[in-house]
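Below is one structure, written out as structure tokens, with a few remarks after it.
Just so it is clear, none of the values below were taken in a lab; they were calculated from the coordinates. Being a predicted model, the structure only gives us computed values, none of them experimental. Counting neighbours? That spans all protein chains shown, and the Cβs are built from the backbone with ideal geometry, glycine included.
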Amino acid sequence: MSSEGFDVQYVARLAHLELGKDEASRFSGQLGDILKYMEKLRQLDVDGVEPTMHGHGRTNAFREDVPVQSVDQDLFLSNAPERTGDEYRLPKIVEDA
């Protein structure tokens with residue numbers, strides 16, 4: 001479809017945008033350029049090409065979810081400036097709470 005087939009002001013209204021004449025003219029030209037490029041892409045032979053979400057391969061960067069032995073709780077709590085039983089003791093930061 002050519003850019004002449006699009007009413008830029010109509011599209012702007014749908015997007016709740018107010019365009020001046022200069023903006024509408026500029027965007028009409030830009031839209032025309034985009035549509036020309038899309039037409040060029042449609043001419044490509046993509047038979048046998050798998051659809052992808054990305055132009056390059058993506059792999060999962062996360063490690064396997066395997067249970068491992070946790071660090072001893074007393075070791076973590078030994079770094080606490082103050083503690084109450086098995087919990088860190090922190091200063092009150094909310095007034096009237």
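Among the chymotrypsin sites (Phe, Trp or Tyr not before Pro) in the chain, those located in a DSSP loop and surrounded by at most 11 other Cβ atoms within 10 Å of their own Cβ are F62. Evaluating 6.51 cos²θ - 1.76 cosθ + 1.60 at θ = phi - 60° for every residue in the stretch 33-49, the Karplus couplings come out as 5, 5, 5, 4, 5, 4, 5, 4, 5, 5, 7, 5, 8, 10, 4, x, 8 Hz, glycine and proline recorded as x. Quote the FRET efficiency, to the nearest 0.05, computed for R89 versus A61 with a Förster distance R0 of 41 Å and r equal to the Cβ-Cβ distance. Once the sixth-power term is evaluated, E becomes 0.65. Estimated purely from DSSP H runs of n ≥ 4, each contributing -39500 (n - 2.57), the mean residue ellipticity at 222 nm for the chain is -10500 deg cm²/dmol once divided by its residues.
Per residue, what volume in Å³ does the Cα convex hull of the chain take up?
323 Å³
Hey, if you drop one equal point scatterer on each alpha-carbon of the stretch 3-42 and run the Debye formula without solvent, what base-10 log of I(q)/I(0) do you get at q = 0.16, 0.20, 0.32 Å⁻¹? Each listed q maps to, in turn, -0.40, -0.59, -1.05. Sorted ascending by nearby beta carbons within 10 Å, beginning with the fewest, M38, M53 become M53, M38.
As a rough footprinting exposure proxy, the listed residues S78, S28 were ranked by other beta carbons within 10 Å of their own, and the order from fewest upward is S78, S28. Once each of the trypsin sites (Lys or Arg not before Pro) sitting in a DSSP loop with at most 14 other beta-carbon atoms within 10 Å is removed, the chain keeps 1-57 as its longest stretch. Considering only F62, G85, Q30, the residue lying farthest towards the positive end of the dipole of the chain is Q30, judged by Cα position with unit charges set on Cβ.
Over the chain, Cα pairs under 8 Å with separation of 6+ residues give a relative contact order of 18 percent.
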